[in-house]
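Here the structure is laid out as structure tokens; the discussion comes afterwards.
The values are calculated or read from the model by the stated rules, or taken from the named source; none is laboratory data. Being a predicted model, the structure only gives us computed values, none of them experimental. Here the Cβ is made from the backbone with ideal geometry for all residues, glycine too, and neighbour counts use every protein chain on show. Note: accessible area is taken over every heavy atom of the protein model, side chains too, but ligands, DNA and RNA are not part of it. Shrake-Rupley method; radii C 1.70, N 1.55, O 1.52, S 1.80 Å.
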Amino acid sequence: MWPLARRSRKMTRLLFLTQSLSSNPKPISHSHTYYNYSVSRSFHNSISKLSLAFLHPIRSPAICAFCSKPSSAAGVGSLPSMTEDISHLTQREAAEIDEILMGPLGFSVDQLMELAGLSVATSIAEVYKPSEYNRVLAICGPGNNGGDGLVAARHLHHFGYKPSVCYPKRTAKPLYTSLVTQLESLSVPFISVEDLPLDLSKDFDIIVDAMFGFSFHGSPRPPFDILIQKLVCIKNYDQTRQKSSAIVSIDIPSGWHVEGGGGAEGIKPDMLVSLTAPKLCAKKFFGPHHFLGGRFVPPSVADKYKLRLPPYPGTSMCVRIGRPAQVDISALRENYISPEFLEEQVEADPFDQFRKWFDDVVAAGLREPNAMALSTASKNGKPSSRMVLLKGFDKNGFVWYTNYESRKAHELSENPHASLLFYWDGLNRQVRVEGSVQKVSDEESDQYFHSRPRGSQIGAIVSKQSTVVPGRHVLYDQYKELEEKFSDGSIIPKPKNWGGYRLKPELFEFWQGQKSRLHDRWFLSPL
């Protein structure tokens, strides 16, 4: 029966990679399945640093740009190493590049402005979640930098933020009036300087500084001198506040000299989004987040100015540059907002409750809802965990498949008890299942094996989990040989050392995250 229930203030949060979640992680460029492996010492000493990067790929978008090969489509020059500086432009070079882009290369102002504004919006979305930093104020100047801010505000609206715009010196040019019309059609409010609060942090989570770009000369005139001073003082009003507004500057922090800096009294933005390439003043930027945006520099311009720029990862419109942000791990926390999980809502049979929650996850469209952490222990009690994929469940238990010569298989032969953990971040839910483990029948394993894609079947034959191999090329050669052998469509025999396990549950724990760590937690035993 299921008599035990309690609320818990504590949770151990599981974080897993965005890479494919299984006991057999997929290689980057192949659809079939391989496995993690160690490299022998002699081979390790002989391979190049590039090979090491391939054997241990870094998948984070924030640093992927320094690990992937530069593409001609990215419109950049040679890839800078981690120790080299990315190119920085003088004011003259920045102006010349703009003239080239809008002259012989055929770009229009509105095209470049659209790309720039989209880059700014995606950079913001990379760092500041709309669930925490929802209220945005874009302060826009009369020139192109202000236009970038207007475009960014439109995209931020579509990204789920609530932008407002302060645009005190509007221009009558059709391009800018069209941008204003687009924002007004989305009911984005425009706020006058006079109506802004003294302390912007009270009403806004993010301030987008889009007042002046690299072509600005002289000292800011009213009302921009006042607005800049508001940004300078933004964190000085209430030192006890846990979170003040984040300042995001577009290309140049307003008031800074394009080849110098802002001095002790200048704006100190939390994020700088450089466009085309960083300007010289960006070397004086010491905030935690520096992004490059635009993605419109063609190879001819990169070659002419000898630009060293990172490639943009995938389809992203921005790439993080500079040193990685310093993170206060102790300050990382989520305040879960979820419906209460009350006793009367709990199904009497834990299998029915699991099915109900699993259906919710599938309906929510969460990625790989069947991903689960499998924890085993040796006969000496030494534990180990890894991500695998659930391949079936019913009243008899939970089933997954693996190599019977892997570490987890050896541990299960010594200690046939294990636990499973499902963590569904999008719904603030997790489920733990503990129980005894048995192998499934050969017939069941064989049936599932032949339901897999043929590439995965061949991968299971090649894969020798938890063993040392000379290198990835050995796997590829063996795979290619078997691929050719079975190219006639003949049946691929299941390896004898491959099959399934079934965990028969003895205890379920259903966890629903709540505010202030007052989580709902129910323990259920099978009927």
(request) Take region 354-380 and flag every residue that is farther than 16 Å from Glu414 by Cα and touching a helix residue (DSSP H, G or I) at 6+ places or on another chain (Cβ under 6 Å). (result) Ala364, Leu366, Pro369
(message) Which numbered condition in (1) within 26 Å of Glu99 (Cβ to Cβ); (2) open to solvent by less than 10 Å² (accessible area, probe 1.4 Å) is the only one that Asn144 fails?
(response) (2)
(request) Output the residues belonging to region 309-322 that are touching a residue at least 24 places away in the same chain (Cβ under 8 Å) and exposed (fewer than 14 other Cβ atoms within 10 Å of the Cβ). (result) Gly314
(request) Answer with yes or no whether Leu389 is open to solvent by less than 30 Å² (accessible area, probe 1.4 Å) and either touching a Lys or Arg at 6+ places or on another chain (Cβ under 8 Å) or in contact (Cβ under 8 Å) with a residue 60 or more places away in the chain (or both). (result) no
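Is it the case that Tyr501 is under 22 Å from Ser385 (Cβ atoms) and in the same structural domain as Val399 (by the TED database)? Working first, answer last.
Working: under 22 Å from Ser385 (Cβ atoms): yes; in the same structural domain as Val399 (by the TED database): yes.
Considered against the rule, which asks whether it is under 22 Å from Ser385 (Cβ atoms) and in the same structural domain as Val399 (by the TED database), Tyr501 comes out as yes.
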(message) With the requirement that a residue be more than 17 Å from Lys496 (Cα to Cα) and open to solvent by 50 Å² or more (accessible area, probe 1.4 Å), what does region 411-426 give you?
(response) Glu414, Pro416, His417, Asp425, Gly426
(request) Tell me, yes or no, whether region 122-133 has at least one residue that is assigned by the TED database to the domain that holds Tyr312, buried (at least 19 other Cβ atoms within 10 Å of the Cβ), touching a residue at least 12 places away in the same chain (Cβ under 8 Å) and in contact with a helix residue (DSSP H, G or I) (Cβ under 6 Å, 6 or more places away or on another chain). (result) no
(message) Can you say whether Arg320 is in contact with a strand residue (DSSP E or B) (Cβ under 7 Å, 6 or more places away or on another chain), assigned by the TED database to the domain that holds Pro222 and of a type in the set (D, E, K, R), as far as the supplied structure shows?
(response) yes
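Residues are listed down the side, and each one gets a yes or a no for (1) surrounded by 20 or more Cβ atoms within 10 Å (Cβ to Cβ); (2) among the acidic types (Asp, Glu); (3) modelled with pLDDT of 90 or more; (4) not in a loop (DSSP other than H, G, I, E, B):
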| site | (1), (2), (3), (4) |
| --- | --- |
| Thr240 | no, no, no, no |
| Pro253 | yes, no, yes, no |
| Cys281 | yes, no, yes, yes |
| Phe291 | yes, no, yes, yes |
(message) Return the pair list, or none, for Cβ contacts closer than 7 Å from residues in region 346-362 that are in contact (Cβ under 8 Å) with a residue 24 or more places away in the chain to residues that are part of a helix (DSSP H, G or I) and aliphatic (A, V, I, L, M), at least 6 apart or on different chains.
(response) Asp360/Leu427; Val361/Leu427
(message) Could you list, ordered by first residue, the pairs with Cβ atoms under 6 Å in which the first is in region 272-284 and outside the structural domain of Ile124 (by the TED database) and the second is assigned to a helix (DSSP H, G or I) and open to solvent by less than 10 Å² (accessible area, probe 1.4 Å), at least 6 apart or interchain?
(response) none
(request) For region 127-145, name all the residues that are touching a Phe, Trp or Tyr at 6+ places or on another chain (Cβ under 7 Å) and farther than 17 Å from Pro278 by Cα. (result) Pro130, Asn134, Arg135, Val136, Leu137, Cys140, Gly141
(message) Against the definition (outside the structural domain of His289 (by the TED database), among the small types (Gly, Ala, Ser), at pLDDT 95 or above and open to solvent by less than 50 Å² (accessible area, probe 1.4 Å)), how does Ser338 come out, yes or no?
(response) no
(message) Please determine whether any residue of region 490-507 is within 25 Å of Ser375 (Cα to Cα) and among the β-branched types (Val, Ile, Thr).
(response) no
(request) Just name the residue that is least open to solvent (accessible area, probe 1.4 Å) out of those in region 184-211 that are among the hydrophobic types (A, V, I, L, M, F, W, C) and over 26 Å from His158 (Cβ atoms). (result) Val193
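Those residues that are exposed (fewer than 14 other Cβ atoms within 10 Å of the Cβ) and either aliphatic (A, V, I, L, M) or modelled with pLDDT of 95 or more (or both), I need them from region 502-526; list them, please.
Glu506, Leu518
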(message) For the structure I just gave you, tell me whether Ala371 is among the small types (Gly, Ala, Ser) and surrounded by fewer than 15 Cβ atoms within 10 Å (Cβ to Cβ).
(response) no
(request) Please determine, by comparing only the residues of region 477-501 that are touching a residue at least 12 places away in the same chain (Cβ under 8 Å) and hydroxyl-bearing (Ser, Thr, Tyr), which one is surrounded by the fewest Cβ atoms within 10 Å (Cβ to Cβ). (result) Tyr479
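Here's the yes/no breakdown for (1) assigned to a helix (DSSP H, G or I); (2) within 29 Å of the chain's Cα centre (by Cα); (3) of a type outside the set (Ser, Thr, Tyr):
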{"position": "Ala152", "(1), (2), (3)": "yes, yes, yes"}
{"position": "Gly160", "(1), (2), (3)": "no, yes, yes"}
{"position": "Arg170", "(1), (2), (3)": "no, no, yes"}
{"position": "Phe216", "(1), (2), (3)": "no, no, yes"}
{"position": "Arg221", "(1), (2), (3)": "no, no, yes"}
(message) Looking at region 437-454 only, could you name the residues that are under 36 Å from the mean Cα position of the chain (by Cα) and open to solvent by 20 Å² or more (accessible area, probe 1.4 Å)?
(response) Tyr448, His450, Ser451, Arg452, Pro453, Arg454
(message) Looking at Lys379, Lys306, can you tell me which residue is surrounded by fewer than 12 Cβ atoms within 10 Å (Cβ to Cβ), closer than 30 Å to Leu420 by Cα and either in contact (Cβ under 8 Å) with a residue 40 or more places away in the chain or not acidic (Asp, Glu) (or both)?
(response) Lys379
(message) For the list (1) hydroxyl-bearing (Ser, Thr, Tyr); (2) surrounded by fewer than 19 Cβ atoms within 10 Å (Cβ to Cβ); (3) not in a loop (DSSP other than H, G, I, E, B), I need the number of the one condition that Ser274 fails.
(response) (2)
